[in-house]
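For reference, the structure discussed in these notes is given below.
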Amino acid sequence: MARLPYLEADQIAPEYRDMLQRNTNLHKLLVNSPDMARAFNGVGGYIRFKSKLDPRLRELAILQVGWMERSEYEFTHHVKIGKEFGVTDADIEALMAETEGRPSGLEPLAKAILKGAREMVRELAMSELTFTEIKKELSDEHMTDLVLTIAFYCAVVRVLATMKIDNEPTYKEVLKQYPIPGVN
């Protein structure tokens with residue numbers, strides 16, 4: 001159960017109601033601080049709609065963070081979002097294999113991005129070797145967007161966990177196909 005209330009549109013000032021267009025528990029909780037929620041949504045919106053980073057690669061990086069952190073909410077939401085941006089079931093299976101150190105059919109850049117995300121989750125930063133490998137394929141702008149995307153979602157999973165935000169039932173269905181180890 002969430003530590004703060006989920007607010008509905010009629011419980012917040014009219015000028016903030018646009019932040020509930022995505023009717024998720026995360027957004028409903030964040031509007032307890034509407035200006036912070038707007039800033040948060042600004043970064044998230046940039047990542048999803050304005051970043052020039054390949055959207056499939058972006059979503060794989062986000063999924064890797066959710067998987068590594070065993071964040072049911074983040075992982076299940078981004079399975080659905082990722083599929084809108086070209087992530088396939090085979091990609092998700094490959095992500096799980098890569099996480100376990102097993103081979104996968106992913107292309108080298110996707111493998112390197114997943115490795116970089118794992119390093120940022122586990123070690124705080126990408127290793128020099130991984131950063132250099134990814135940088136061979138991505139521009140400075142893309143590298144900046146990738147690192148900030150991974151860092152942002154490292155923060156998001158911490159917000160979800162600390163605020164104990166409940167996953168919506170429609171997203172829990174994803175767990176039937178992709179059960180997260182250690183998550184009920």
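The values are calculated or read from the model by the stated rules, or taken from the named source; none is laboratory data. Just so we're clear, the structure is a prediction, and the values are computed from it rather than from any experiment. Neighbour counts run over all protein chains shown; Cβ positions are idealised from the backbone, glycine included. Keep in mind that these areas ignore ligands, DNA and RNA; they rest on the heavy atoms of the full protein, side chains included. Shrake-Rupley method; radii C 1.70, N 1.55, O 1.52, S 1.80 Å.
Given 4 °C and 1.567 mPa s, compute D for the stretch 1-50 with the Stokes-Einstein relation, Rh being the Kirkwood radius over Cα pairs; round to the nearest whole µm²/s.
Working: Rh = 11.1 Å.
Answer from the Stokes-Einstein relation: 117 µm²/s.
How much mean residue ellipticity at 222 nm does the chain get from its helices, if each DSSP H run of length 4 or more adds -39500 (n - 2.57) and you divide by all residues, to the nearest 500 deg cm²/dmol? Before the final figure, lay out each step's value.
Working: 10 runs with 112 residues, N = 184.
After summing the helix terms and dividing by the residues of the chain, the value is -18500 deg cm²/dmol.
In whole percent, how big is the carbon plus sulfur part of the accessible area of the stretch 1-92, probe 1.4 Å, protein atoms only?
Details: 2430 of 4450 Å².
Answer for the stretch 1-92 is 55 percent, counting heavy atoms of protein chains only.
Step through the table entries LYS28/LYS172; LYS50/LYS135; LYS50/LYS164; LYS83/LYS176; LYS28/LYS52; LYS52/LYS176, compare each Cα-Cα distance with 24 Å, and write down the pairs that go over it. Violating the 24 Å Cα-Cα cut-off are LYS50/LYS164; LYS28/LYS52; LYS52/LYS176.
Placing +1 at every Lys and Arg Cβ and -1 at every Asp and Glu Cβ, with all other atoms neutral, what dipole size does the chain have around its Cα centre, in debye to the nearest 20? Write down the numbers at each step before the final one.
Numbers: 24 positive and 28 negative charges, 46 e Å.
Result for the chain is approximately 220 debye, rounded to the nearest 20.
Across VAL157, VAL87, VAL174, mean-square fluctuation computed from a Gaussian network of the chain (C-alpha pairs under 10 Å connected) peaks at VAL174. Taking the charge dipole of the chain about its Cα centre, with +1 at Lys and Arg Cβ atoms and -1 at Asp and Glu Cβ atoms, the residue from HIS142, PHE40, MET96 reaching farthest to the positive side is PHE40.
With all protein chains kept in place, the per residue accessible area of the stretch 1-50 amounts to 63 square angstrom at a probe of 1.4 angstrom. With all protein chains kept in place, the per residue accessible area of the stretch 53-177 amounts to 46 square angstrom at a probe of 1.4 angstrom. All Cα-Cα distances of the chain, cut into 5 Å bins from zero to the largest, leave 1, 8, 17, 20, 20, 15, 10, 6, 2, 1, 0 percent in each bin in turn.
Here the gap between LYS83 and LYS52, fully extended at 0.36 nm per residue and compared with their Cα-Cα distance, gives a gain of 9.4 nm.
The label-point distance for VAL183 and MET163, in a model that sets each label 7 Å from Cα toward Cβ, rounds to 1.7 nm.
Here the spin labels are modelled as points 7 Å beyond Cα on the Cα-Cβ line, and at PHE152 and ASN32 they lie 2.3 nm apart.
The fraction of all Cα pairs in the stretch 74-180 landing in successive 10 Å bins from 0 to the largest distance is 13, 41, 38, 9, 0, given as whole percents. For LYS80, a cut-off of 16 angstrom between C-alpha atoms picks up these aspartates and glutamates, skipping any fewer than 8 places away in its own chain: GLU59, GLU72, ASP89, ASP91, GLU93, GLU168, GLU173.
Could you give the length gained on full extension between GLU100 and SER139, defined as 0.36 nm per residue of separation minus the Cα-Cα distance, in nm?
Values: separation 39, 0.36 × 39 = 14.04 nm, distance 2.89 nm.
My answer for the length gained is 11.1 nm.
Rg then Dmax, both in Å and based on the Cα atoms of the stretch 1-110: 16.3, 51. Extension gain, LEU129 to GLN21, is 34.8 nm, computed as 0.36 nm per intervening residue step minus the present C-alpha separation. The apolar share of the surface of the stretch 131-184, taken as the fraction of accessible area on carbon and sulfur atoms (1.4 Å probe, ligands and nucleic acids excluded), comes to 59 percent.
Measuring nothing but how far apart in sequence close Cα pairs (under 8 Å, 6+ apart) lie, relative to its length, the stretch 52-121 scores a relative contact order of 40 percent.
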